[in-house]
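The values are calculated or read from the model by the stated rules, or taken from the named source; none is laboratory data. Bear in mind that the values here come from a model prediction, so they are computed numbers and not experimental data. Cβ atoms come from the backbone with ideal geometry, glycine included; neighbour counts cover every protein chain shown.
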Amino acid sequence: MQRSLWAFALAVTATSALANSKETSNTQWVDTFIGTGGDGHTFPGAVVPFGMVQLSPDTDNPMRGESQQAEIYKRCAGYHYDDHTITGFSHTHFSGTGHSDLGDLLVMPMTGDIKTSAG
């Protein structure tokens, strides 16, 4: 009987200590844009492990031509931190690979007139 009373008192004490603790959020320590600049080739979209969908924004470098192969290589993950315009969202991305694949279908929800210029 006395052992049960001590166990109950310990459970009540532990529960009240947890109830009084301040809830903290660890999201302040998360930066989803790590690796999206330079040659990191990552994308900022949220993905569950082994998930079929890697939804993320896509950006586009306005520079074109064969002399810009290095710039195009930087954007192979679909998103690059230095770009200022999101051209759409696609559902499949490779992270950290250095090449693009999977035949992305770009989707951009919008209303009104279509703007094709950056900004």
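Summary of values
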{"item": "Where a residue in segment 76-94 is within 7 Å of THR59 (Cα to Cα) and its partner, wherever it lies, is small (Gly, Ala, Ser) and not in a loop (DSSP other than H, G, I, E, B), with Cβ under 9 Å and at least six apart", "result": "GLY78/SER56; GLY78/SER90; TYR79/SER56"}
{"item": "Residue count for segment 53-100, restricted to those that are at pLDDT below 70 and in a loop (DSSP other than H, G, I, E, B)", "result": "8"}
{"item": "All positions within segment 18-45 that are hydrophobic (A, V, I, L, M, F, W, C) and modelled with pLDDT of 80 or more", "result": "TRP29, VAL30, PHE33, ILE34, PHE43"}
